[in-house]
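The values are calculated or read from the model by the stated rules, or taken from the named source; none is laboratory data. Because the structure is a prediction, the values reported are computed rather than measured. Methodologically, a virtual Cβ is constructed for each residue, glycine included, from the backbone with ideal geometry; neighbour enumeration extends over all protein chains shown. These accessible areas exclude ligands, DNA and RNA; they are computed on the full protein's heavy atoms, side chains included. Shrake-Rupley method; radii C 1.70, N 1.55, O 1.52, S 1.80 Å.
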Amino acid sequence: MLQPNDYPVSVQFDLSKLVFSPVLEKVERRVSDMAKHFHDKDAAQTLVTQGDKLLYEVLYHSFETSKSDMVMCLTRIFSGTVGDEYHMTKGHIHARDDQAEIYFCLQGEGYLLLQTLDGEFRAERWTAGTLSHIPPMWAHRTVNTGTNDLVFVSVFNLSAGYDYGVVEAKGFKKLVVEHDGQPTLTDNPRWNP
Ligand code: F6R
Ligand code: ZN
């Protein structure tokens, strides 16, 4: 017997504004939420005292039924840097070890950084139209290296769960920094002190 939430649901994207409706939840992350993640702690602290700029926002729509728990999110990372490091998401790995995720870049340019617990690292270059599959047990973070907002959609299962601690501990092997006006991947000193 079908329950009320077992019926099909659609959400509508506005492809010029890059938003969808209805948004069921919204999360905002500012510099102060990311203090542990940027390598230039002084630059981060200064920005916190100067208005604590918004780095990115995530809009959520979940599609829970009696037998499934898919979620769709739209992340918008605003353009800019903290010190020389480009705006980026916190990054996480999923708590469950059998959960993959799809990311689809709608606008902007940047990188999807991926890393396993054993230290395998990948950086996927992103432009509008790039779709990436994140296999289970790869931590993931997105970085906006462009002058426009970086906007992408993610689709995953809610029961995948989140583990932010693994990225918070040491970050990813590479930092994405602006060097001579160009996005550059450099070694993260927290990996090779
Ligand atoms: C969900 C997912 C994305 C991110 C979002 C914000 O599994 O990967 O929807 O949650 O891009 O990044 P975090 O969660 O790292 O702050
Ligand atoms: Zn994820």
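Search the range 5-29 for residues that are without any contact (Cβ under 8 Å) to a residue 12 or more places away in the chain and pair each with any residue that is in a strand (DSSP E or B) and open to solvent by 80 Å² or more (accessible area, probe 1.4 Å) when their beta-carbon atoms are under 9 Å apart and the residues are at least 6 apart or on different chains.
Close Cβ pairs satisfying both conditions: SER21/GLN12.
Considering only residues that are touching a helix residue (DSSP H, G or I) at 6+ places or on another chain (Cβ under 6 Å) and either in a loop (DSSP other than H, G, I, E, B) or acidic (Asp, Glu) (or both), which ones fall in the range 40-52? Give the steps one after another, and end with the answer.
So the first thing to find is which residues in the range 40-52 are touching a helix residue (DSSP H, G or I) at 6+ places or on another chain (Cβ under 6 Å), and the list is 44, 47-48, 52.
The one that is touching a helix residue (DSSP H, G or I) at 6+ places or on another chain (Cβ under 6 Å) and either in a loop (DSSP other than H, G, I, E, B) or acidic (Asp, Glu) (or both): ASP52.
Given the conditions (1) in contact with a Ser or Thr (Cβ under 8 Å, 6 or more places away or on another chain); (2) within 25 Å of GLU28 (Cβ to Cβ); (3) within 15 Å of ligand 1 (Cβ to nearest atom), report the number of the one that ARG96 does not fulfil.
Condition not satisfied by ARG96: (2).
Starting from residues that are open to solvent by less than 50 Å² (accessible area, probe 1.4 Å) and assigned to a loop (DSSP other than H, G, I, E, B), keep the ones in the range 8-39 and report whichever is nearest to TYR164 (Cα to Cα).
Within the range 8-39, the match that is nearest to TYR164 (Cα to Cα) is HIS37.
Name every residue in the range 100-111 that is within 10 Å of ligand 2 (Cβ to nearest atom) and crowded, with 18+ Cβ neighbours inside 10 Å, in order of residue number.
Correct list: GLU101, TYR103.
Taking the stated definitions as given, is HIS140 farther than 19 Å from LEU15 by Cα, away from ligand 1 (no atom under 12 Å from the Cβ) and either in contact (Cβ under 8 Å) with a residue 24 or more places away in the chain or in contact with a helix residue (DSSP H, G or I) (Cβ under 6 Å, 6 or more places away or on another chain) (or both)? Lay out the reasoning, then the answer.
Numbers: farther than 19 Å from LEU15 by Cα: yes; away from ligand 1 (no atom under 12 Å from the Cβ): no; either in contact (Cβ under 8 Å) with a residue 24 or more places away in the chain or in contact with a helix residue (DSSP H, G or I) (Cβ under 6 Å, 6 or more places away or on another chain) (or both): yes.
The answer is no for HIS140.
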